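This report refers to the structure that appears directly beneath it.
Only the coordinates and a few stated rules stand behind these numbers; no lab work does. Predicted model, so just to flag it, every value in this text is computed and none were measured. Note that we place each Cβ from the backbone using ideal geometry, even for glycine, and neighbour counts take in every protein chain shown.
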């Protein structure tokens, strides 16, 4: 994809006056949402590559409506930066295909080069094929009856989608998995790239998520004689580095490897259980 980067970490990632964010995105991708653009300048500075999310999913969860002409005005500030690889075209998460096609038709021509449409898993495979015919990159978004990721039902749909574009049609379209950085997804499908807010969500949860990591850091030699504030910063930075390493250790199969493996979704969860 871009510099061989597969992993995009959702921002903002807070802690230690920006140090934790810098660790999260260094040598990787940053994924910045229009509704939480706090760290876009820092992401452009420190990440290898940046993807911009339209914020529709977050807005949908909160019952908010986004004015898309404001989105494009904002996007103009960052669009031409060479590190900005793509942005997600405005979409209606629970809308019909017609609603989403209308939003694709409204993309100003000047933004076409980096524009990426979303195929929502509840939409038809025919629509996916049309999008792949027209666009070099397409996002997959879990939605409708496929909103819950990694169910048997969801795996079947992902399998069908990839078979349609890479077996039945020989498309070269790159697929970005929205919220699909989980290794049990990324390691099993030929995604070019994927994002998640795993680091942003889990790094600060010292005691509820991976408390053994926190304990190991607290008991380490380098943590002795630190003030409470210094210790907190060390815990955040080290948790971020360790979790980032684990996430980025999983790489997606190439299309040809995926095709030759022919794994069925039911096997996937068994293999990784």
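Within the stretch 122-131, the set of residues being crowded, with 22+ Cβ neighbours inside 10 Å and farther than 20 Å from residue 51 by Cα comprises just one member, 128.
Looking at the stretch 72-85 only, could you name the residues that are assigned to a helix (DSSP H, G or I) and surrounded by 17 or more Cβ atoms within 10 Å (Cβ to Cβ)? First the steps, then the outcome.
Initial filter on the stretch 72-85 (assigned to a helix (DSSP H, G or I)): 72-75.
72, 75, listed by residue number.
Scanning for something farther than 18 Å from residue 172 by Cβ, under 16 Å from the mean Cα position of the chain (by Cα) and in contact (Cβ under 8 Å) with a residue 12 or more places away in the chain, does the stretch 97-118 turn up at least one residue? Within the stretch 97-118, one or more residues are farther than 18 Å from residue 172 by Cβ, under 16 Å from the mean Cα position of the chain (by Cα) and in contact (Cβ under 8 Å) with a residue 12 or more places away in the chain.
Restricting attention to the stretch 20-71, the residues being in a loop (DSSP other than H, G, I, E, B) and within 20 Å of residue 138 (Cβ to Cβ) number 3.
Here residue 184 fulfils each of the conditions (1) surrounded by fewer than 19 Cβ atoms within 10 Å (Cβ to Cβ); (2) in contact (Cβ under 8 Å) with a residue 60 or more places away in the chain; (3) part of a loop (DSSP other than H, G, I, E, B) apart from (3). Of all residues in the stretch 132-159, those satisfying the criterion of being touching a helix residue (DSSP H, G or I) at 6+ places or on another chain (Cβ under 8 Å) and surrounded by fewer than 16 Cβ atoms within 10 Å (Cβ to Cβ) are 145, 148, 152, 153, 156. Within the stretch 21-52, if we keep just the residues that are surrounded by 23 or more Cβ atoms within 10 Å (Cβ to Cβ) and touching a residue at least 60 places away in the same chain (Cβ under 8 Å), the residue that is farthest from residue 179 (Cα to Cα) turns out to be 23.
Scanning the stretch 1-19 for residues that are more than 17 Å from the chain's Cα centre (by Cα) and either surrounded by 24 or more Cβ atoms within 10 Å (Cβ to Cβ) or part of a loop (DSSP other than H, G, I, E, B) (or both) yields 14, 15.
Among the residues of the stretch 201-245, those identified as exposed (fewer than 12 other Cβ atoms within 10 Å of the Cβ) and part of a helix (DSSP H, G or I) are 211, 212, 219, 221, 222, 228, 229, 245.
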